[in-house]
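Comments concern the structure below.
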Amino acid sequence: MFQSTLLKRTMSLVVLSLLASAILATIAFVAAGNRQTLSLEVDNAIKQDAEFQVIFNTHPEYLENDDLRHFFFDSSYATGHDYYLTNSSGQIINATKHENRTLDDNDSVRLVPILDKIDYEDYNNLGFAFDENSKSGYTIFISKSPLTLSGKDYYLYSLTYLNGYQGLNEKYLNILLLSTLMAACAMLVPAYAFVSRMVLPLQKINEVAMEYGKGNFNIRADESHKGEIGELGQSFNFLADRLSKSIKDLTAERNQLQDIFDVISDGIVVVDNRCVPVTTNKAIHKLFERAEKNNMFTERLQLIPFDDVWSDFEDCIKSGETKTRQIDNRDYAYQCTIIPKYDSADSTKVIGATGFFRDIFEEQKNERFRQDYVANISHELRTPLQTLRGLIEPLSDGMVKKEEDRQRYYQIILNETMRLSRLIDDMLELSKLQSRTLAFKTFPFNLNNLISNIEIRFKPVMREAGIKFSIQNNYGDLPTVMGNPDRVEQILVILLDNAKKYTPSGKSITILTDYIETEKKVYISVADTGQGIHEYDIGHIFDRFFKADRARGKKGSGLGLSIAKELLTYMGETITVNSKYEEGATFTFTLTKAEVPDVWD
């Protein structure tokens, strides 16, 4: 509270007011006191001199008698006045005696000029004047009384020294100053208490206002004080209630807009008129993850790593025109739209711009995939249909005469029909897997038995193709795994058929198995030493209808690996491929160890 500026200023004002009142009182007292005391002294002197005039005019014998006259003048000092008796020519006859002064002839010389300078005024035949130019330095009140003694004219002069009143005034002034000082000191304590009582609630209200500035609207000012301070507290509390409600409403709307803003999958960037980002959503920070991160020396390039886009922002702000741009690359593609932002008060003034960014890589990829898909289906369906047409037309026209040739044609027609049926079945199965409309159960089963059956089934096939076929178990007996044995067998058949197609005679195909206890995973690999896969094809190897090295004219629909991946995904497993061109390829998929070791029937 001692640091309060209001308290300091108020107390300073009180002290200055008391000091000013003391100074004004002193000046008024000095002015009025001097005048009043002087007036009182003069009045007393006039009354006394008037009484002596009456006495001496009534009883002139008092001054005609030498003894009485000398007694009067010798004792007149007791009256506080100096008396001089002069004849009509101004010569001093008698005068009041002082211890330090004796009369001589020079006195008449000294006094006469002084008396000559006095302007007289009659007051009941009493003349009087002030002399402030006497050599004594005193202010003297002089009265002149005409007397007639023994038939001759005389004058009785009375000199009253008025300087004695100044000492009395000084005493009164000291008393006034002392009393004023004591009153001022006595007033400081209640003034301080009163001002403190007034300042303390204001300080509390100021603290409440500071809390409001910090965003804390739960605190409230004290409304219990009477008068303006209590009303001020009520006003602050009313203001806090309204602000709190307004801020809550604004916060709720802002959060709602921010949620909508963040949910939008498109990246959004708002910049000011200097092209500095001021607002972004969450999507923009992940949108350009696939783009190259080159020359990211500025914050805005870390946000959008394309200089051309920032140039579009600057052009949009300068021209006020919407800018669009499409960025295409092998690994990414983006659609950019930048619109100007206008001042709400001036619709012609551009104050910034808003950029909308959309990742269209998947759209373009899906579009390319759709086109390839249609082309692949058309191709895969057209080949057997053309074959069928080429066989049926000669039969229909009776051009095939021999029964042996007709039977051969029928066999080819049957094979192509079965091939077409398998293609359609694979397409339907893959579509159901991707749409999750094909359901099958997973349960614990013995993987060792399944691999043994696969070995027995494919050994004759591989032997016939001149391919070395073997099983390599790096762990021993594998644990019971979760899955669907029919689907796992289908996956192995797809991988083995695929390996057989791309492995020439004299090479090898191996099924490798392993188990990692820490991961609770069984790893099954189908490795071949065939032609392998190009590095630019390996990323598309699981795409539908994709065939590596199509120029070699390998048979197949290109759906097998896609079906294998979808089956494993359905079971919650993964499949990977590792290959080096002309050295072979290895496909590896996982199966999870079953928590219950027993095999279900």
Notebook entry, point to check: Within the bounds of the range 496-513, is there any residue that is basic (Lys, Arg) and either part of a strand (DSSP E or B) or within 17 Å of Asn448 (Cβ to Cβ) (or both)?
Noted result: no
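Would you say Asp49 is open to solvent by less than 50 Å² (accessible area, probe 1.4 Å), of a type in the set (D, E, K, R), part of a helix (DSSP H, G or I) and at pLDDT 75 or above?
Answer is yes for this residue.
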Margin query: Out of Leu450, Leu414, I need the residue that is at pLDDT 80 or above, in contact with a Pro (Cβ under 6 Å, 6 or more places away or on another chain) and assigned to a helix (DSSP H, G or I). Which one?
Written below: Leu450
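Each row is one residue, and each column tells you yes or no for (1) under 18 Å from Pro444 (Cβ atoms); (2) open to solvent by 20 Å² or more (accessible area, probe 1.4 Å).
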position	(1), (2)
Gly476	no, yes
Lys500	no, yes
Ile509	no, no
Ile516	no, yes
Val522	yes, no
Notebook entry, point to check: Counting only residues that are surrounded by 10 or more Cβ atoms within 10 Å (Cβ to Cβ), under 23 Å from Ile247 (Cα atoms) and not aliphatic (A, V, I, L, M), which one in the range 216-228 is farthest from the chain's Cα centre (by Cα)?
Noted result: Asp222
Checklist line | Those residues of the range 194-245 which are of a type in the set (D, E, K, R) and not in a helix (DSSP H, G or I), in sequence order | finding: Lys214, Arg220, Asp222, Glu223, Lys226
Next item on the list: Output the number of the condition that Gln258 fails; it satisfies all remaining conditions of (1) modelled with pLDDT under 80; (2) open to solvent by less than 70 Å² (accessible area, probe 1.4 Å); (3) in a loop (DSSP other than H, G, I, E, B).
Entry: (3)
Item checked: Residue satisfying all of: in the range 542-565; open to solvent by 40 Å² or more (accessible area, probe 1.4 Å) and under 57 Å from the mean Cα position of the chain (by Cα); modelled with the highest pLDDT among these -> Lys565
Notebook entry, point to check: Is there any pair linking a residue in the range 385-411 that is on the phi < 0 side of the Ramachandran plot and open to solvent by 90 Å² or more (accessible area, probe 1.4 Å) to one that is among the hydrophobic types (A, V, I, L, M, F, W, C) and part of a helix (DSSP H, G or I), with Cβ under 9 Å and at least six apart or on different chains, and which?
Noted result: Leu385/Leu420; Tyr410/Leu391; Tyr410/Leu395
Margin query: Residues that are in a helix (DSSP H, G or I), of a type in the set (Ser, Thr, Tyr) and over 13 Å from Leu156 (Cβ atoms): does the range 66-78 have at least one?
Written below: yes
Item checked: Whichever residue in the range 330-354 is within 11 Å of Asn273 (Cβ to Cβ) and among the small types (Gly, Ala, Ser) and, among such residues, is surrounded by the fewest Cβ atoms within 10 Å (Cβ to Cβ) -> Gly352
Next item on the list: Find all pairs meeting these conditions: Cβ atoms under 8 angstrom apart; at least six residues apart or on different chains; first residue within the range 567-591 and assigned to a loop (DSSP other than H, G, I, E, B); second residue charged (D, E, K, R).
Entry: Met571/Arg487; Tyr581/Glu535
Notebook entry, point to check: Taking only pairs six or more apart or across chains, which ones have beta-carbon atoms under 6 Å, a first residue in the range 56-82 that is more than 20 Å from Gly151 (Cβ to Cβ), and a second residue that is among the aliphatic types (A, V, I, L, M) and surrounded by 16 or more Cβ atoms within 10 Å (Cβ to Cβ)?
Noted result: Asp82/Leu159
Next item on the list: Could you please let me know if Tyr523 is modelled with pLDDT of 85 or more, closer than 21 Å to Leu568 by Cβ, touching a Pro at 6+ places or on another chain (Cβ under 7 Å) and not in a loop (DSSP other than H, G, I, E, B)?
Entry: no
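The values are calculated or read from the model by the stated rules, or taken from the named source; none is laboratory data. Everything numeric here is computed off the predicted structure, so don't read it as measured data. A quick note on method: Cβ atoms are made from the backbone with ideal geometry, for glycine too, and the neighbour counts reach across all protein chains shown. The area values use the complete protein model at the heavy-atom level, side chains included, leaving out ligands, DNA and RNA. Shrake-Rupley method; radii C 1.70, N 1.55, O 1.52, S 1.80 Å.
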